[in-house]
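Trainee: I'd like to ask you about the structure that follows.
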Amino acid sequence: MGAHPIICNLQGVFASTYQSTAPIWTPHTINHPRIKDLSIRTHSSHRTERKMSLLFLSVLVLGFHHLHSLPDSWPQHYRPVALRGKHIINCPLEALEVSWRFPTTLCVTGSTQQKTLNLHNMNNRCSGLYTCTNAHNSSHHYSQYLLIDGGSSLQFSCAVDSYSNHFLHCSLNEELNHPSLIRVKSSRFKKDQEWKEMKIPQDGDRFFSFDIPLPGFCPFEDYVDPIQVSIEVMSSSEHISGNKSFYMRDIVVPRAPENVSITKEHIIWSNPSWTHHLSFFPLMFELWVNYRNNTNVTKTIREQNYNVKDVTNISVRCRDLYNPSGWSSWITWNILTSSS
């Protein structure tokens with residue numbers, strides 16, 4: 001990672017200061033006793049100045065690290081703002097005089113004693129908590145957390161393993177490279193679920209997955225309105241969001257077939273935990289069969305058994321019979337090993 005722009009600029013200022021204050025010596029003057037003594041004292045002064053500047057830079061770096069720490073929970077009042085854009089915060093307190101606290105003065109313009117705080121040229125260093133406080137009663141205050149807007153292009157996918165499942169399982173399709181706060185919710189028929197909040201630490205799973213409840217879903221009803229899923233992610237300085245619509249029939253991915261048994265003539269399996277009304281939600285099965293003569297056959301059947309004569313290996317997966325949503329994972333058996 002490159003050096004912080006402000007740090008680079010300050011180093012340039014310190015470097016120019018050293019150059020402008022340093023005396024210019026010549027070979028004829030450097031041997032004079034008074035010049036030598038002055039040279040020693042000057043270099044000592046420069047070392048002291050450099051130590052002070054490095055100390056100042058260390059404090060500055062630590063200060064920025066503190067300002068950009070991630071909140072413990074999702075802020076009550078927050079606002080994504082455009083990079084390099086302007087923003088105005090209006091203090092809603094009923095007070096004639098207020099004082100402001102903010103992460104840095106870099107983006108603040110105008111007075112900081114008014115109930116309106118003007119910000120310009122917003123960037124990551126200016127993100128964080130902005131608080132106005134009643135100048136005569138410090139217990140009365142209002143805070144707003146500003147984040148740089150990363151857009152609404154967050155990619156994720158969702159699935160359920162049966163029509164009777166009351167939870168959606170969703171996964172982010174993007175890596176989270178920094179500690180983050182995440183909140184998600186689902187809605188249907190304008191009935192919103194409560195936001196579900198999670199915190200991802202530095203060493204957490206970069207490809208994050210989560211479960212959210214389905215709002216009042218009945219598997220036997222024919223729905224016209226889709227399920228809406230919203231997700232928001234905030235780091236210490238940025239905000240990104242994503243929204244998707246799903247129809248239940250399009251995202252059902254059943255589990256693999258279960259309860260496998262092998263006889264001398266057949267391999268038999270049962271449906272996964274699909275639904276209590278199997279006749280209403282039938283499954284189809286796809287088989288990949290390997291025979292002793294090294295030929296392979298792929299078949300699609302509705303039965304829950306298959307003749308294993310001359311079969312060495314067989315793999316089975318399943319899918320909704322009427323809605324081509326998604327196949328389950330494969331499950332494979334070695335027939336020779338299992339029947340011996």
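The values are calculated or read from the model by the stated rules, or taken from the named source; none is laboratory data. Source: prediction; values computed, not measured. Counting neighbours? That spans all protein chains shown, and the Cβs are built from the backbone with ideal geometry, glycine included. Surface areas here come from the heavy atoms of the whole protein model, side chains and all, with no ligands, DNA or RNA. Shrake-Rupley method; radii C 1.70, N 1.55, O 1.52, S 1.80 Å.
Trainee: If I filter segment 114-153 down to residues being of a type in the set (A, V, I, L, M) and buried (at least 20 other Cβ atoms within 10 Å of the Cβ), which single residue comes out as farthest from residue 101 (Cα to Cα)?
Mentor: Taking the candidates together, the pick is 148.
Trainee: I've got another one for you. What pairs can you find where one residue is in segment 103-127 and over 15 Å from residue 144 (Cβ atoms) and without any contact (Cβ under 8 Å) to a residue 60 or more places away in the chain, the other is small (Gly, Ala, Ser) and open to solvent by less than 20 Å² (accessible area, probe 1.4 Å), and their Cβ atoms are less than 9 Å apart, with a gap of 6+ or different chains?
Mentor: These pairs meet every condition: 104/128; 120/85; 121/85; 123/237.
Trainee: Follow-up question, since we're still on this one. Give the residues of segment 283-314 that are assigned to a loop (DSSP other than H, G, I, E, B) and surrounded by 15 or more Cβ atoms within 10 Å (Cβ to Cβ), sorted by residue number.
Mentor: 304, 308
Trainee: Based on what the data block shows, is residue 320 open to solvent by less than 70 Å² (accessible area, probe 1.4 Å) and either touching an Asp or Glu at 6+ places or on another chain (Cβ under 9 Å) or at pLDDT below 95 (or both)?
Mentor: Criteria met by residue 320.
Trainee: Could you please find all residues in segment 228-261 being within 18 Å of residue 327 (Cα to Cα) and without any contact (Cβ under 8 Å) to a residue 60 or more places away in the chain?
Mentor: 247, 258
Trainee: Let me ask something additional. Do any residues in segment 262-273 that are under 10 Å from residue 307 (Cα atoms) and among the polar types (S, T, N, Q) have Cβ atoms under 8 Å from those of residues that are open to solvent by 30 Å² or more (accessible area, probe 1.4 Å) and not in a loop (DSSP other than H, G, I, E, B), where the two are at least six apart or on different chains, and which pairs are they?
Mentor: Filtered contacts from segment 262-273: 263/339.
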